[in-house]
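Following: one structure in structure tokens, then a few remarks.
The values are calculated or read from the model by the stated rules, or taken from the named source; none is laboratory data. Everything quoted here is computed from the prediction, not taken from an experiment. Every residue, glycine as well, gets a Cβ built from its backbone with ideal geometry; the counts of neighbours run over all protein chains shown.
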Amino acid sequence: MKIRAPPAKTLLRLLREDFDLTGSKPGCEAGECGACTVLLDGFPVTSCMVLCAQVDGKRVTTVEGLSKPGRINPIVKALVEEGAAQCGYCIPGFVVAARALMKEVPRPTRKMIHVALSGNICRCGGYSKIVDAIAKAAGRGANDGRSR
């Protein structure tokens, strides 16, 4: 899809304001919290630090793009089952980061999960449950995008 946007506008603002894709959250808007994480050509990036000019010709996938219509994302399902989403503000960024990891490593170790999520902050402090949920989702084969 081709769009026109001011080159200095951030990808986060473009997604939220022009496309009404509000899954990516404005947290720190300094690339520190991970709440705005999206996939850029398959790699997790903080969309608040990416300018529209840098996206030209690249594929952007938001948390909204990780679910199939009528099906709950398996990572989200595991997060709910494990009670890992307290306020939920950080969860989209964690889901996107976890999906990128599981695409690269279908059955990651807990250490790999910790490293992959290190750029995401949960202000509620639910890290243990978030890691448990992502490990659970990986055990179900969540990397293939199908709910099980």
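Assorted remarks:
- Scanning the range 75-95 for residues that are on the phi < 0 side of the Ramachandran plot and assigned to a loop (DSSP other than H, G, I, E, B) yields Glu82, Ala84, Ala85, Gln86, Cys87, Tyr89, Cys90.
- The set of residues in the range 22-47 being surrounded by fewer than 18 Cβ atoms within 10 Å (Cβ to Cβ), in a loop (DSSP other than H, G, I, E, B) and either assigned by TED's automatic domain parsing to the domain that holds Cys90 or in contact (Cβ under 8 Å) with a residue 12 or more places away in the chain (or both) consists of Pro26, Cys28, Glu29, Ala30, Gly31, Glu32, Asp41, Gly42.
- Restricting Lys129, Lys58, Lys136, Lys103 to those that are assigned to a helix (DSSP H, G or I) and out of contact with any Gly (no Cβ under 8 Å at 6 or more places or on another chain) reduces the list to Lys136.
- Val115 fulfils the conditions (1) modelled with pLDDT under 95; (2) surrounded by fewer than 18 Cβ atoms within 10 Å (Cβ to Cβ); (3) under 16 Å from the mean Cα position of the chain (by Cα) except for a single criterion, (1).
- Summed over the range 61-99, the residues that are touching a Leu at 6+ places or on another chain (Cβ under 6 Å) and surrounded by fewer than 24 Cβ atoms within 10 Å (Cβ to Cβ) give a count of 6.
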